[in-house]
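J.: One structure, as structure tokens, below. Some questions next.
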Amino acid sequence: MIVAEEITRVYRMGKVEVRALRGVSFTIADGEFVGITGASGSGKSTLLHILGLLDRPTSGRVLIDDRDVQRLSDRQQTLFRLKRLGYVFQDYALIPELTAIENVIITSLARGVSEKEYLGRGAEVLREVGLGGRTNHRQSELSGGEQQRVAIARAIVNKPSILLADEPCANLDSETSKSILDLFKQLNEDLHQTIVMVSHEKWHERYFCRIIDLKDGRINSMRECNVNR
Amino acid sequence: MLENLKVASFLAFKQIQRGSKGTLILTLMIIALVFVNLVFLPSIISGVVETFNSQSINFNYGNLVIEPREGEQYISDVDTLQKKVERIPGIAGTSPRISTGVTYFYKGHDARSTLYGINPQDERSVTKIHENMIRGEFLSAGDTDTIIMGAILAGTEGEEGGGLPTLQGVQVGDSVEVAFPNGERRTFQVKGIYETQSIGVDTSAFTTTDPVAQVLGLEDQASEILVKTAVDGQEEMYRTRLFSYGIQQQVFTFQQKAAGFVDQAIQSFEIINAISTLVSLIIAVVVIFIVIFINTVNKRRQIGILKAIGIDKQIIINSYVLQVLFIATLGALVGIVLTAGVIYYLTVNPLVFPGGPVFPVVEPATVLRSIASLFVVSVIAGYIPAWKTAREEILDAIQR
């Protein structure tokens with residue numbers, strides 16, 4: 001479970017103060033597929049960065065499974081990301097020198113998983129995302145949709161308790177986007193995977209259990225929308 | 001810890017395997033050439049020292065030199081002393097010498113230098129002058145009025161010595177007049193000419209003991225006794241042994257006799273070597289630093305991604321350090337091969353120094369020191385840029 005309490009985030013850009021988040025509070029239960037929506041500059045990505053421990057709030061706190069994650073040291077946060085979180089970036093964020101399977105297994109390797117296990121699991125996850133035949137291809141040999149699938153496979157390979165996705169379909173055509181969202185839906189329904197996804201596409205909303213809509217750094221609305229799922 | 005090393009090795013291996021081959025080869029070659037530079041000059045210095053040592057032992061001093069007690073001009077009772085020294089274990093030969101400054105006269109030319117009176121048989125047991133005759137023959141036991149002369153002193157017709165004593169063209173069979181310090185003059189027939197490449201020896205001449213002793217009025221006396229030991233390099237031990245066997249004269253090692261000259265030459269070489277080593281290492285540091293810096297700056301985003309997905313900062317730094325260690329190892333290996341080539345070439349075609357041909361001598365300590373210093377500078381030069389980039393905030397790195 002994720003609990004966000006009065007999160008604010010203030011940036012300084014030269015002499016200008018930018019208030020990206022102005023006190024955001026919510027709770028996300030285990031197994032929910034939550035969409036964070038809002039206009040550009042509403043604070044969606046900032047919020048996801050804070051939930052993903054890639055950034056620290058100026059004030060407020062985030063509890064993940066009752067643990068105040070902002071109190072963790074940098075090193076502890078790195079370990080937390082490794083063991084508990086999966087993160088899918090808008091632009092895939094793959095390591096170009098590594099093949100698809102190497103990109104996927106790198107976090108398993110860091111977790112100390114045995115070679116046999118991580119190779120087996122890596123291949124299995126790539127099959128699950130539909131890339132069974134592309135395991136030894138490098139980033140430059142994969143299409144945008146395939147790269148995003150590799151990024152998703154990397155994020156879920158260790159079965160994280162929370163999967164965070166920052167506009168994962170932003171660079172994809174609608175057909176590929178649909179296949180990615182179907183994959184998320186499948187993960188959420190079959191594996192009860194908690195997913196928090198940032199999106200600004202109206203048609204994505206039918207995949208979410210709940211939508212947290214942001215406006216100017218505040219929660220504009222919070223609504224259930226699983227009727228369409 | 002082991003997992004971290006495995007991940008760091010994995011990342012390092014993949015980056016080397018799939019990174020730019022051109023950059024890798026260029027860096028390797030620079031490291032290899034730095035290694036050659038680190039080893040080459042010390043090997044030449046060692047070669048000079050070794051050449052000088054062997055020249056000193058073979059032609060100038062033997063291993064040890066027994067000289068008269070302080071305040072005395074000659075060693076007395078030489079025959080008994082010689083036998084006593086030769087009975088000491090580890091002594092391979094002794095050669096008493098009477099030395100005197102003389103003036104040589106030949107066809108209108110004159111030259112001031114040293115004349116040694118020796119027992120040819122004894123001299124053969126200590127020095128190798130007899131093996132370096134370029135014309136004529138070495139002295140024999142029965143010779144009385146014959147002389148052998150160094151190639152510089154004998155000289156070449158029409159060529160002046162450029163500050164060195166030379167008679168400009170003495171040939172085997174010629175007669176040379178010698179004026180002794182007491183004014184007596186004697187004529188010697190030149191029996192042979194030698195060339196040792198040691199200037200002090202090649203500007204001198206040798207005759208048998210009797211004529212010199214007669215002129216100087218000496219009997220069973222010598223200016224010095226050269227001592228050859230069974231093994232080189234343990235002169236100090238043999239010197240102590242001579243004293244322990246009751247030798248009361250002064251005993252010097254060849255190093256002590258030659259100290260001033262060698263020390264000065266070596267000191268100058270060491271300064272050049274220190275500067276050269278420092279410059280080489282600075283080049284290595286700068287090159288590796290630039291290569292890793294450019295590498296990490298170009299991969300700043302990747303480093304941010306790796307941190308974002310939970311790869312520890314230290315693993316990322318270690319992966320760059322491992323890359324550097326790999327490059328340094330391979331560079332040192334290539335450097336060893338290149339050095340071996342240079343050393344082989346200079347062994348076949350030695351450098352010619354005033355003291356004789358210099359063969360490079362590669363000492364294991366120099367190689368190990370060079371490898372160690374290369375590794376130390378490589379690790380430092382690799383660690384700093386990797387550390388600087390890896391400590392950047394994740395979002396700053398990713399969003400750049």
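Throughout, read-outs are computed from the coordinates displayed, never taken from laboratory work. Everything quoted here is computed from the prediction, not taken from an experiment. Note: ideal-geometry Cβ built from the backbone for every residue, glycine included; neighbour counts use all protein chains shown.
J.: At 222 nm, what value in deg cm²/dmol follows for chain B if DSSP H runs of at least 4 each add -39500 (n - 2.57) and the sum is divided by all its residues, to the nearest 500?
T.: That comes out to -18000 deg cm²/dmol.
J.: Return the FRET efficiency for the residue pair B:Gln256, B:Ile134: r is the Cβ-Cβ distance, R0 is 25 Å, and the value is rounded to the nearest 0.05.
T.: E between B:Gln256 and B:Ile134, to the nearest 0.05, is 0.25.
J.: Anyone know which of B:Val348, B:Val286, B:Val85 comes out most mobile in the 10 Å Cα GNM of chain B?
T.: Checking each option, the largest mean-square fluctuation is seen for B:Val348.
J.: Compute the helix-to-body angle for A:74-84: its Cα long axis versus the longest principal axis of chain A, expressed 0 to 90° and rounded to tens.
T.: 60
J.: Another question, then. So which trypsin sites (Lys or Arg not before Pro) in region B:15-69 end up in coil per DSSP with only 15 or fewer other C-beta atoms within 10 Å?
T.: Sites meeting the loop and neighbour criteria: B:Arg69.
J.: List the DSSP H helices in chain B whose Cα atoms stretch 20 Å or more along the helix axis and whose mean Kyte-Doolittle hydropathy is at least -0.5.
T.: B:2-18, B:21-55, B:254-298, B:313-348, B:364-390
J.: What is the distance, in nm, between label points placed 7 Å from the Cα along the Cα-to-Cβ direction at A:Arg19 and at B:Ile272?
T.: 7.4
J.: Once the other residues with Cβ under 13 Å from the Cβ of B:Arg239 are scored (Lys, Arg +1; Asp, Glu -1), what is the net sum?
T.: Its environment carries a net charge of -1.
J.: Determine ³J(HN,Hα), in whole Hz, for all residues of region B:220-234 in sequence, where each value follows from phi through the Karplus function 6.51 cos²θ - 1.76 cosθ + 1.60 and θ = phi - 60°; x replaces Gly and Pro.
T.: 6, 10, 8, 6, 7, 10, 7, 10, 9, 9, 4, 10, 7, x, 10
J.: Hey, if you put +1 on the Cβ of every Lys and Arg and -1 on every Asp and Glu Cβ in region B:46-172, which of B:Ala154, B:Tyr106, B:Gly142 ends up farthest toward the positive end of that dipole?
T.: Sorting the options by dipole projection puts first B:Gly142.
J.: So, one more: When a/c reaches 1.5 or more, the comparison of a/b and b/c decides; with that in mind, is region B:1-52 rounded, prolate or oblate per its Cα gyration tensor?
T.: Taking the square roots of the gyration eigenvalues as a ≥ b ≥ c, region B:1-52 is oblate.
J.: Follow-up. Classify region B:41-172 as rounded, prolate or oblate, taking a ≥ b ≥ c as the square roots of the eigenvalues of its Cα gyration tensor: rounded when a/c is under 1.5, otherwise prolate if a/b is larger than b/c and oblate if not.
T.: Note, shape of region B:41-172 comes out oblate.
J.: Amide H neighbours of B:Ala92 under 5 Å, at least 5 residues apart or on other chains, H built in the peptide plane: list them.
T.: For B:Ala92, whose amide H was placed from the backbone, the distant partners under 5 Å are B:Lys228, B:Thr229, B:Ala230.
J.: Roughly what % of DSSP beta bridges within region B:117-221 run antiparallel, to the nearest 5?
T.: 60
J.: Can you figure out the FRET efficiency of A:Thr58 with B:Ser9, using R₀ = 41 Å and their beta-carbon distance, to the nearest 0.05?
T.: Once rounded, the FRET efficiency stands at 0.55.
J.: Just to verify a number: FRET efficiency for B:Lys83 and B:Thr347, C-beta to C-beta distance, R0 = 41 Å, to 0.05?
T.: According to the calculation, E is roughly 0.45.
J.: Would you work out the relative contact order for region B:64-231, in percent, from Cα pairs under 8 angstrom that are 6 or more residues apart?
T.: Relative contact order for region B:64-231 comes out at 36 percent.
J.: Follow-up question, since we're still on this one. Within the set A:Lys44/B:Lys299; A:Lys44/B:Lys307; B:Lys14/B:Lys388; A:Lys83/B:Lys6, which residue pairs have Cα atoms separated by over 24 Å?
T.: Beyond 24 Å between Cα atoms: A:Lys44/B:Lys299.
J.: Still on this structure: Between rounded, prolate and oblate, where does region B:94-221 land on the alpha carbon gyration tensor, with a ≥ b ≥ c its root eigenvalues, rounded for a/c under 1.5, else prolate if a/b exceeds b/c?
T.: Oblate is the answer for region B:94-221, as a/c is 1.5 or above yet b/c matches or exceeds a/b.
J.: So how much slack lies between A:Glu201 and A:Ala39, counting 0.36 nm per residue of separation and subtracting their Cα-Cα distance, in nm?
T.: Net length gain for the segment: 57.3 nm.
J.: Using the Karplus equation 6.51 cos²θ - 1.76 cosθ + 1.60 (θ = phi - 60°), what ³J(HN,Hα) coupling, rounded to whole Hz, does each residue of region A:48-53 give in order, writing x for Gly and Pro?
T.: With the stated coefficients, region A:48-53 comes to 5, 4, 5, 5, x, 6 Hz.
J.: Got the relative contact order for region A:2-228 handy, in percent, Cα pairs under 8 Å and 6 or more residues apart?
T.: 29 percent.
J.: For chain B, modelled as a Gaussian network with Cα springs under 10 Å, which listed residue fluctuates most, B:Val297, B:Val190, B:Val227?
T.: Among B:Val297, B:Val190, B:Val227, the largest mean-square fluctuation in the Gaussian network model of chain B belongs to B:Val297.
J.: Which aspartates and glutamates, if any, have their Cα less than 20 Å from the Cα of B:Lys83, not counting same-chain residues under 8 positions apart?
T.: Those aspartates and glutamates meeting the cut-off are B:Glu67, B:Asp122, B:Glu123, B:Asp210, B:Glu219, B:Asp220, B:Glu224, B:Glu235.
J.: What residues have an amide H closer than 5 Å to that of A:Leu21, excluding those fewer than 5 places away on the same chain, when H is modeled at 1.01 Å from N in the peptide plane?
T.: Excluding prolines and chain starts, which carry no amide H, the hits are A:Arg9.
J.: If you take every residue apart from B:Lys107 with its C-beta less than 12 Å away from the C-beta of B:Lys107, what net charge results, scoring Lys and Arg +1 and Asp and Glu -1?
T.: -4
J.: Quick check: the distance between the Cα centres of region B:306-344 and region B:364-400, to the nearest angstrom?
T.: Between the Cα centres of region B:306-344 and region B:364-400 lies a distance of 9 Å.
J.: Let me ask something else. Binned at 5 Å from 0, what are the whole-percent values of the Cα-Cα distance distribution for region A:2-228, short to long?
T.: Histogram of Cα-Cα distances, whole percents per bin: 1, 7, 15, 18, 19, 16, 12, 7, 3, 1, 0.
J.: Continuing with this model, one more query. Tell me the label-point distance for the pair A:Ser161, B:Val49, using the 7 Å Cα-to-Cβ offset, in nm and rounded to one decimal.
T.: 6.6
J.: Please figure out what share of the DSSP beta bridges in the protein assembly as shown is antiparallel and state it in percent, rounded to the nearest 5.
T.: Looking only at bridges with both residues in the protein assembly as shown, the antiparallel portion is about 70 percent.
J.: Only counting other Cβ atoms within 10 Å, I'd like B:Ile266, B:Ile305 sorted with the fewest neighbours first.
T.: B:Ile266, B:Ile305
J.: What list do you get for A:Met197, A:Met222, B:Met149, B:Met133 if you sort them by fewest beta carbons within 10 Å?
T.: Lowest to highest Cβ neighbour count: A:Met222, B:Met133, A:Met197, B:Met149.
J.: Full-extension gain between B:Asp232 and B:Leu325, please, as 0.36 nm times their residue separation minus the C-alpha to C-alpha distance.
T.: 29.4 nm
J.: Ranking B:Val39, A:Val3 by Cβ neighbours within 10 Å, fewest first, what do you get?
T.: A:Val3, B:Val39
J.: Let me ask something additional. Starting from the amide H of A:His137, placed 1.01 Å from N in the peptide plane, find each other amide H under 5 Å away whose residue is 5 or more places distant or on another chain.
T.: Amide H neighbours of A:His137, under 5 Å, 5+ apart: A:Ala100, A:Ile101.
J.: A further question on this structure: Using a basic spin-label model with each label point 7 Å from the Cα along Cα→Cβ, how many nm lie between B:Gln264 and A:Met1?
T.: The answer from the label model is 9.1 nm.
J.: In whole Hz and in residue order, list the ³J(HN,Hα) couplings for region B:147-161 that follow from phi through the Karplus curve 6.51 cos²θ - 1.76 cosθ + 1.60, θ = phi - 60°; x for Gly and Pro.
T.: Along region B:147-161, the couplings run 9, 10, 10, x, 4, 6, 5, 4, x, 10, 4, x, 10, 7, x Hz.
J.: Tally the DSSP beta bridges in region A:137-229 and give the antiparallel ones as a percent, rounded to 5.
T.: For region A:137-229, the DSSP antiparallel bridge percentage is about 55.
J.: Another one. Pairs of alpha-carbon atoms within less than 8 angstrom and 6+ residues apart define the contacts here; what relative contact order does region A:1-105 have, in percent?
T.: 28
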